[in-house]
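This report concerns only the one structure given below.
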Amino acid sequence: MRIVFAGTPEFAAEHLKALLATAHEVIAVYTQPDRPAGRGQKLTPSAVKQLALEHAIPVLQPASLRAPEAQAELAALAPDLMVVVAYGLILPQAVLDIPALGCINSHASLLPRWRGAAPIQRAVQAGDEASGVTVMRMEAGLDTGPMLLKVSTPIGPDETGGSLHDRLAQMGPAAVVSAIEGLAAGTLGGEIQDDSLATYAHKLNKDEARIDWTRPAVELERLIRAFFPWPICHSSLAGEAVKVLAARVADGQGAPGQILGASKEGLVVACGDQALCLTRLQFPGGKPLNFSDLFNSRRESFAIGTVLGQ
């Protein structure tokens, strides 16, 4: 089949790699315009664009697909199928109608559980027992199309947003390739989603990563795992910003944010319910360190009764 691929981040690039290893022809790649990145804010191509250029595949980067000229450009490619993975642009109905077999999407959730921008992190944050990838036929709604194929994986007690992302990035490509074979053979039907079971996975932001110590420790422990390695949960201690990279729920009571104890095992901080034992931190200008490596050098900062987040 003649396939047009649309995607942007590394998660999408893994899917493109899998398609390039099949007998199908990837005739063009759509990806987001280059964005400033790094300290120098230099314009940087997406992971998908870099991979496409390595394989001499034409790359298109329209700011929108709503313009008639952008739609005409896609139609001129005469694709059999469009595969969309974390592209970042809305596909209007006129675009969805162009490929002969329509458009399919690889979405990192067991739909309809999490629709939207951050399904991986929201699943960890909510304490879901499982996540996965759903390959669906696209329609005009947000992640609402008929489900073609699902693969699932358990979410472990120490799972982070990063570890789940990496696992799903390995599971999704094989699922998409399998779905394409089913579509080509005409053996794959679609299952309609139950909208009443859907939850919107809001986009992540740094403000949300600021730790609110009045929340229960169980919720905060999940948030810390979900937001690693980005945007990383953070608080303040004695006027210094501190990133909290790992923690576990602990016994203890006190004013929210109050240090209840400190040892090489970790820094115990009171929450709205129970406490958190912070086991890995990063201070400004420093490396991520286990608390056991910070305890002796900064012992005065961890005095019992000191309050974080002030």
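Close amide-amide hydrogen proximity is noted between Gly252 and Ala275, each under 5 Å apart and 5 or more residues distant or on a separate chain (H modeled in the peptide plane; Pro and chain starts excluded).
Residue-wise HN-Hα couplings along region 33-48, as the Karplus relation 6.51 cos²θ - 1.76 cosθ + 1.60 with θ = phi - 60° gives them from phi, are x, 3, 10, x, 8, x, 5, x, 6, 7, 4, 10, x, 5, 4, 5 Hz; Gly and Pro carry x. For region 12-52, taking Cα atoms only, Rg and Dmax work out to 12.5, 41 Å respectively. Couplings for region 101-116, taken from phi via the Karplus curve 6.51 cos²θ - 1.76 cosθ + 1.60 with θ = phi - 60°, read 9, x, 10, 10, 9, 9, 10, 7, 7, 7, 4, x, 3, 10, 9, x Hz in order; Gly and Pro are left as x. Checking every one of the trypsin sites (Lys or Arg not before Pro) in region 1-86 against DSSP loop status and a limit of 16 other Cβ atoms within 10 Å picks out Arg39, Arg66.
With all pairs of separate Cα atoms included, region 158-231 yields a Kirkwood hydrodynamic radius of 15.7 Å.
The three principal axes of the Cα atoms in region 2-201 give end-to-end lengths of 48, 46, 31 Å, sorted in falling order. With each label modelled as a point 7 angstrom along the Cα→C-beta vector, the Leu53-Asp194 pair spans 4.7 nm.
In region 2-201, what percentage of the DSSP-assigned beta bridges are antiparallel, given to the nearest 5? Looking only at bridges with both residues in region 2-201, the antiparallel portion is about 45 percent. Of all lysines in the structure, those lying under 30 Å Cα to Cα from Lys150, and not within fewer than 8 positions of it along the same chain, are Lys17, Lys49, Lys203.
Multiply the residue separation of Ala23 and Arg215 by 0.36 nm, subtract the distance between their alpha-carbon atoms, and state the gained length in nm to one decimal.
Numbers: separation 192, 0.36 × 192 = 69.12 nm, distance 5.20 nm.
Extending this stretch completely gives an extra 63.9 nm.
Projecting the Cα positions of Ala201, Val95, Gly286 onto the charge dipole of the chain (unit charges on Cβ atoms of Lys, Arg, Asp and Glu, taken about the Cα centre) puts Gly286 furthest along the positive direction.
Between Ala76 and Asp273, the simple spin-label model (points 7 angstrom out along Cα→Cβ) gives 6.0 nm.
Pick out, in residue order, every one of the trypsin sites (Lys or Arg not before Pro) in region 182-260 that is DSSP loop and has at most 16 other C-beta atoms within 10 Å; say none if there are none.
Working: sites: Lys203, Lys206, Arg210, Arg222, Arg225, Lys243, Arg248; in loops: Lys203, Lys206.
Listed in order of number, the matching sites are Lys203, Lys206.
Close amide H contacts of Ser131 (hydrogens built in the peptide plane, cut-off under 5 Å, sequence separation of 5 or more or a different chain): Thr153, Ile155.
Based on Cβ point charges of +1 for Lys and Arg and -1 for Asp and Glu, what charge dipole magnitude is obtained for the chain about its Cα centre, in debye rounded to the nearest 20? Working shown, then result.
Working: 26 positive and 31 negative charges, 174 e Å.
Magnitude of the dipole: close to 840 debye.
Compared with the dominant Cα axis of the chain, that is its longest principal axis, helix 10-20 is turned about 30°. For region 207-302, the calculated P(r) over all alpha carbon pairs, in 5 Å bins from 0 to the bin holding the longest distance, is 3, 15, 27, 29, 19, 7, 0 percent. When only Cα pairs below 8 angstrom with a gap of at least 6 residues are kept, region 207-302 shows a relative contact order of 26 percent. The lysines within cross-link reach of Lys206, meaning a Cα-to-Cα straight distance under 19 Å and a gap of 8 or more places when in the same chain, are Lys243.
I need the calculated FRET efficiency for the pair Ala255 and Ser152, taking r as the beta carbon distance and R₀ as 41 Å, to the nearest 0.05.
On the way: r = 41 Å, r/R0 = 1.01.
According to the calculation, E is roughly 0.50.
Once the Cα atoms of helix 161-185 and of the chain are each reduced to a long axis, what angle between those two axes, in degrees from 0 to 90 to the nearest 10, is obtained? Once rounded, the angle reads 20 degrees.
A short reminder: the numbers here are calculations on the coordinates, not readings from a lab. Every value quoted in this text rests on a predicted model; they were computed, and no experiment measured them. Every residue, glycine as well, gets a Cβ built from its backbone with ideal geometry; the counts of neighbours run over all protein chains shown.
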